[in-house]
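Asker: Have a look at this one.
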Amino acid sequence: MLQKALMILQHRGQDTAGISVFDGQSINTVKDAGLVTTALPRERIASATGTVGIGHVRYATTGSKNPKNAQPMTMVTASGQIAVAHNGDLTNYESKKNELLAQNAVFQTDSDTELVINILSRFLGMGNDPVRALRKTMGEIDGAYALTILINDQLYAVRDPHGIRPLIIGKLPDGYVVASESAALDALGAEVVRDVMPGEIMHIGTDGFKSYPAEVKTQSAHCMFEWVYFARPDSVIDGACVYQVRKEIGRILAKEHPADADLVMPIPDSGRAHAIGFSQGSGLPYEEGFMKNRFAERTFILPDQREREIAVRGKMNPISSTVAGKRIVIVDDSIVRGTTLKQLILMLRDAGAKEVHVRVGSPPIIAPCYYGVDMKTRDQFIANGNSVEDIRRILGADSLGYISIEGLVSAVKKTENELCLACLNARYPTRIDGEEERFQTRLDDHGSF
Ligand code: SF4
């Protein structure tokens, strides 16, 4: 079952995959580099059977791609065995790790998840019960974390106080399951119960779950990029269906940036729902103008620029009969570096497109993400220091329009204060090592969290 759920969530990480299962006596962990089918073949997971377990697919952001950073991370302590699976990035990893190193703590990886397990084991070792130890651990770490944790045979789910990364619980006929996205619950035949709330700790058993809500009220800051790009369109995240949000983004884009064109087409696959919305909002016919190789890797997730460029040609091919002689609107979910899009526009022109107008489902990305999306260096953003007109020229498009922040927020049907928009406005919802000034800006705007 764990392997099946991880395959549904494969789009969230392709570097490593792993599971930890309590087999009645101890926690068995199987993990390795690669996709779920490679890292967790049937014969390897046959030994990891039991009634309670956690799983993880990794997309390296904090810490290298080294397989030693594969999750779940495990530790044997005086309080028993611990296994942790973590989605998100901690923003005080370096400073907290240095603090612990000075106290003779030992770290074997460069993954921030090891910090979580290290701090948790210390609080458990001081005699705190698991919920108290988790609460104290949350008091020590900043940033984005959706965690599933096994302490011996006991399962916990934890979401950071801002709920930056998603986490949702569902009910199976014989128990409960938590996952990053509701699509994984659907695949297992689980009935969605609800999202794990920001700052909440859940203790989950076969006969129910007990909630330990956040002790201090916090302001949510759900990652807008989950709806724009990251999550599967068939998932519902924090009450908003990803597919419907993307269509609404397209409809708003059509109003904010209309185009005189013959047809609208998506950059498949993540721009598809946005393009359908644009077609509905503009009245322009929707067409498929690129054939995508379904078996190619997600280029955004590939770690190296050169690898990404080579991957684009192997991944997309224009359908000449759709594009030749036409004035085209192409809709993409977002533009980070712009290198892929630039190549695609060239390919459309080579295939005979008369005009290429670009519409984008996210406002310009100008600031790094420290919460688990691999956009860390300002220099890599095409929108950094370039106006929209500059970007249009660099891309070689006939026109370019980005959705506004207000348009995006209204498509998600939340308020600006309920979302993380930090990569769009550089206002971070948590403290970040080296980014004190920016955190202060947001604090001044919204009072204390
Ligand atoms: Fe999401 Fe951007 Fe915030 Fe990162 S900075 S969590 S990508 S909204």
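The values are calculated or read from the model by the stated rules, or taken from the named source; none is laboratory data. The structure presented is a predicted model; accordingly, all values stated were derived computationally and were not measured. We place every Cβ from the backbone using ideal geometry, glycine too, and count neighbours over all the protein chains shown. To get the accessible areas, we keep the full protein, side chains included, count just its heavy atoms, and leave off ligands, DNA and RNA. Shrake-Rupley method; radii C 1.70, N 1.55, O 1.52, S 1.80 Å.
Asker: Out of the residues in segment 230-272 that are within 25 Å of Ser220 (Cβ to Cβ) and β-branched (Val, Ile, Thr), state the one that is nearest to the ligand (Cβ to nearest atom).
Answerer: In this case the residue turns out to be Ile237.
Asker: Right, another one. Output the qualifying pairs, or none if there are none: Cβ atoms under 8 angstrom, residues six or more apart or on different chains, first residue in segment 388-407 and assigned to a loop (DSSP other than H, G, I, E, B), second residue open to solvent by less than 20 Å² (accessible area, probe 1.4 Å) and at pLDDT below 95.
Answerer: none
Asker: Could you grab me the full set of residues in segment 13-33 that are touching a strand residue (DSSP E or B) at 6+ places or on another chain (Cβ under 6 Å), of a type outside the set (Ser, Thr, Tyr) and open to solvent by 20 Å² or more (accessible area, probe 1.4 Å)?
Answerer: Across segment 13-33, the qualifying residues are Asp15, Phe22, Asn28, Lys31, Ala33.
Asker: Within segment 367-386, restricting attention to residues that are open to solvent by 60 Å² or more (accessible area, probe 1.4 Å) and in a loop (DSSP other than H, G, I, E, B), which residue is nearest to the ligand (Cβ to nearest atom)? Give the derivation first.
Answerer: Step one: of segment 367-386, the residues open to solvent by 60 Å² or more (accessible area, probe 1.4 Å) are 376-379, 384-385.
Okay, now just the ones that are also in a loop (DSSP other than H, G, I, E, B), so 376-377, 384-385.
Details: Lys376: 10, Thr377: 13, Asn384: 14, Gly385: 19 Å.
Only one residue tops the list, namely Lys376.
Asker: Checking Thr218 against (1) within 23 Å of Lys171 (Cβ to Cβ); (2) open to solvent by 30 Å² or more (accessible area, probe 1.4 Å); (3) within 16 Å of the ligand (Cβ to nearest atom), which test does it fail?
Answerer: (1)
Asker: Within segment 401-429, how many residues turn out to be open to solvent by 10 Å² or more (accessible area, probe 1.4 Å) and within 13 Å of the ligand (Cβ to nearest atom)? If you could, list the steps in order and put the result at the bottom.
Answerer: So in segment 401-429, the residues open to solvent by 10 Å² or more (accessible area, probe 1.4 Å) come out as 402, 404-406, 409-410, 413-418, 420, 423-427.
From what's left, within 13 Å of the ligand (Cβ to nearest atom): 405, 409, 414, 416, 418, 420, 423-427.
Matching residues across segment 401-429 total 11.
Asker: To continue, here is another question. Quick one: Thr109 ticks every box in (1) hydroxyl-bearing (Ser, Thr, Tyr); (2) more than 18 Å from Glu200 (Cβ to Cβ); (3) without any contact (Cβ under 8 Å) to a residue 24 or more places away in the chain except a single one, so which number is it?
Answerer: If we test Thr109 against (1) hydroxyl-bearing (Ser, Thr, Tyr); (2) more than 18 Å from Glu200 (Cβ to Cβ); (3) without any contact (Cβ under 8 Å) to a residue 24 or more places away in the chain, just (3) comes out false.
Asker: Could you tell me which numbered condition Ala353 fails, if it satisfies all but one of (1) of a type in the set (A, V, I, L, M); (2) assigned to a loop (DSSP other than H, G, I, E, B); (3) within 16 Å of the ligand (Cβ to nearest atom); (4) modelled with pLDDT of 95 or more?
Answerer: Unmet for Ala353, out of (1) of a type in the set (A, V, I, L, M); (2) assigned to a loop (DSSP other than H, G, I, E, B); (3) within 16 Å of the ligand (Cβ to nearest atom); (4) modelled with pLDDT of 95 or more: (3).
Asker: For the list (1) under 22 Å from the mean Cα position of the chain (by Cα); (2) more than 20 Å from Asp142 (Cα to Cα); (3) modelled with pLDDT of 90 or more, I need the number of the one condition that Lys68 fails.
Answerer: Only one criterion in (1) under 22 Å from the mean Cα position of the chain (by Cα); (2) more than 20 Å from Asp142 (Cα to Cα); (3) modelled with pLDDT of 90 or more is unmet by Lys68, namely (3).
Asker: Would you pick out the residues in segment 184-204 that are over 22 Å from the mean Cα position of the chain (by Cα) and under 14 Å from Thr148 (Cβ atoms)?
Answerer: The answer is His203, Ile204.
Asker: Can you pull out the residues in segment 241-253 that are open to solvent by 10 Å² or more (accessible area, probe 1.4 Å) and not hydroxyl-bearing (Ser, Thr, Tyr)? Don't jump to the end; show me each part of the working.
Answerer: Residues of segment 241-253 that are open to solvent by 10 Å² or more (accessible area, probe 1.4 Å), as a first pass: 241, 243-244, 247-248, 251-252.
Scanning segment 241-253 gives Cys241, Gln244, Lys247, Glu248, Arg251, Ile252.
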